[in-house]
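**Q** Structure provided below as structure tokens; questions to follow.
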């Protein structure tokens, strides 16, 4: 994965789908993401950026700003691109109420409102791995994206 070589302070944006992608959707997504990132510009210059797909569910953009902050138009371009993909793939990427947790080797997609019932039924607990899609740098992605619920903002959902 190309992002591994990016500096720790590289910017990160995480978009989670409300469903897992099948093989055809993954192939389509990879082509679309490669095309977008190869033409992605800020201040008239090509960005050093990449997009990766994790668990057939999360689209994660990584940008090495190389000393020059990314312009708002470039950030808007990525949001508009993801909105376009939402329509094409009939998914949601921008709904922050869609969350995930790890169950064995699989990532389960749930609505935030479902966590209470999952906790009450003891399907998840403070040690369940959850996904903190709010991380903004590569170092945080590497260290704080997949964390036990007790170490995430999700801990407020524990009763």
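**Q** Using only alpha carbon pairs under 8 Å that are at least six residues apart, calculate the relative contact order of the range 8-89 and give it in whole percent.
**A** Rounded, it is 36 percent for the range 8-89.
**Q** Compute the length gained on full extension between residue 116 and residue 89: take 0.36 nm times their separation in residues and subtract their Cα-Cα distance, giving the result in nm to one decimal.
**A** 6.8 nm
**Q** Expressed as a rounded percentage, what relative contact order does the chain have, with Cα pairs under 8 Å and six or more residues apart?
**A** 27 percent
**Q** How many percent of the alpha carbon pairs in the range 8-89 exceed a separation of 15 Å?
**A** When all Cα pairs of the range 8-89 are counted, 55 percent exceed 15 Å.
**Q** Output the 0 to 90 degree angle, nearest 10, between the alpha-carbon long axis of helix 23-39 and the longest principal axis computed from the alpha carbons of the chain.
**A** Value to nearest ten degrees: 40.
**Q** Given C-alpha coordinates of the chain, what is the ratio Rg to Rh with the Kirkwood estimate of Rh?
**A** 0.98
Read-outs throughout are calculated quantities, based only on the coordinates presented, and are distinct from any laboratory measurement. Just so you know, these numbers come straight off a predicted model, no measurement behind them.
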